[in-house]
Amino acid sequence: MTSQRTRERLIQRIRDMGVRNPLVLEAMRNTPRHIFVDEALASRAYEDTALPIGHGQTISQPYTVARMTEALLAGGVLDTVLEIGTGSGYQCAILSQLARRVYSIERISALLEAARTRFRELGLRNIHLKHSDGGVGLPEYAPFDGILVTAAPEGIPPALLEQLKIGGRLVLPAKVRGGQVLLRITSTPQGYDQEQLETANFVPLVGGVL
Ligand code: SAH
């Protein structure tokens with residue numbers, strides 16, 4: 001069920017859907033997604049769908065993870081990256097192979113601790129986790145080359161814009177009438193450039209910690 005062939009089929013699908021960055025495809029190929037879901041769902045881990053991870057949350061669809069990662073990278077490997085919404089840790093594990101150091105914030109401590117255990121098992125040592133409300137970012141380690149938000153905020157959190165390096169990118173789902181759209185915002189010396197990428201479907205970003 002988690003044969004190499006099944007896993008390779010998923011990578012091929014993501015490629016066919018338009019993700020061409022070889023670094024992203026290689027990171028997806030190297031990352032065992034079945035480790036990030038409940039054992040009862042392991043047989044579905046290489047389907048291109050979001051899956052429940054408990055606490056009303058989901059592990060994102062693999063295509064979405066690949067697309068957001070590609071949008072964040074836009075070229076080479078990054079120095080420091082911040083993720084908001086660790087969840088299962090899957091997106092974070094992908095980022096950890098494409099950045100020197102990854103910080104990730106999660107508001108639900110049970111999810112954060114499960115992710116921490118998975119990173120230890122997989123030997124991913126450049127990930128730093130924080131249990132807090134990610135809406136304010138992580139000013140003590142800012143600025144970042146990239147910030148990736150995996151839950152949908154009401155608007156664009158100003159704190160996250162302020163924590164970007166010049167040239168740095170913020171990739172996040174934004175609420176629009178009737179749904180969500182993925183945005184990429186690039187910090188420039190003149191201000192912020194905004195691009196709409198495609199429609200999205202994330203759980204909401206909520207305040208407070210559990
Ligand atoms: N990146 C995750 C996706 C998890 S779903 C993965 O690959 O599995 C989104 C996650 O964002 C949930 O775990 C949810 O608890 C978390 N979240 C929602 N609001 C948040 C907030 N304000 N601060 C930090 N995490 C938040």
Next on the checklist: Could you tell me the extents of the stretch 73-145's C-alpha atoms along the three principal axes, largest first, rounded to whole Å?
Outcome noted: 34, 29, 17
Checklist entry - Taking the Cα centre of the chain as the origin and placing charges on Cβ (Lys, Arg +1; Asp, Glu -1), which of Y90, I35, A115 is farthest toward the positive end of the dipole? => result I35
Item to check | Gaussian network model of the chain, springs between alpha carbon atoms under 10 Å - residue of R44, R15, R120 with greatest fluctuation | outcome: R120
Checklist entry - Which of the trypsin sites (Lys or Arg not before Pro) across the stretch 135-210 are loop residues per DSSP, with 11 or fewer other Cβ within 10 Å? => result R177
Checklist outcome for this item: Non-local residues with an amide H under 5 Å from the amide H of A152, with H modelled 1.01 Å from N and Pro and chain starts lacking one, are V203, L205
Checklist entry - If one computes the Cα centroid of the stretch 100-122 and of the stretch 1-63, what distance in Å separates the two points? => result 18
Checklist outcome for this item: Once V136 and E195 are pulled to full extension, the length gained, defined as 0.36 nm per residue separation minus their Cα-Cα distance, is 19.0 nm
Next on the checklist: If you restrict to DSSP beta bridges whose two residues both lie in the chain, what percentage is antiparallel, to the nearest 5?
Outcome noted: 50
Checklist entry - Share of antiparallel DSSP beta bridges in the stretch 1-114, in percent to the nearest 5? => result 35
Checklist outcome for this item: Given Cβ charges of +1 for Lys and Arg and -1 for Asp and Glu, the option among L148, L51, L172 whose Cα lies farthest towards the positive end of the dipole of the chain is L51
Checklist entry - What base-10 log of the normalised intensity I(q)/I(0) is obtained for the chain from the Debye formula, alpha carbons as equal point scatterers, at q = 0.13 Å⁻¹? => result -0.66
Item to check | Fraction of alpha-carbon pairs over 19 Å apart in the stretch 131-210 - percent | outcome: 35
Next on the checklist: Explain nothing, just compute: Karplus ³J(HN,Hα) = 6.51 cos²θ - 1.76 cosθ + 1.60, θ = phi - 60°, for every residue of the stretch 137-144 in order, whole Hz, x for Gly and Pro.
Outcome noted: x, 9, x, 5, 10, 6, x, 10
Checklist entry - If Lys and Arg each add +1 and Asp and Glu each add -1, what is the summed charge of the other residues whose beta carbon sits under 14 Å from the beta carbon of P204? => result 0
Checklist entry - Quick one: length gained pulling H128 to T188 fully straight, 0.36 nm per residue minus the C-alpha distance? => result 18.9 nm
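Read the figures in this text as sums done on the coordinates, not as results from a lab. Because the structure is a prediction, the values reported are computed rather than measured. Glycine also receives a Cβ, built like all others from the backbone with ideal geometry; neighbour counts cover every protein chain displayed.
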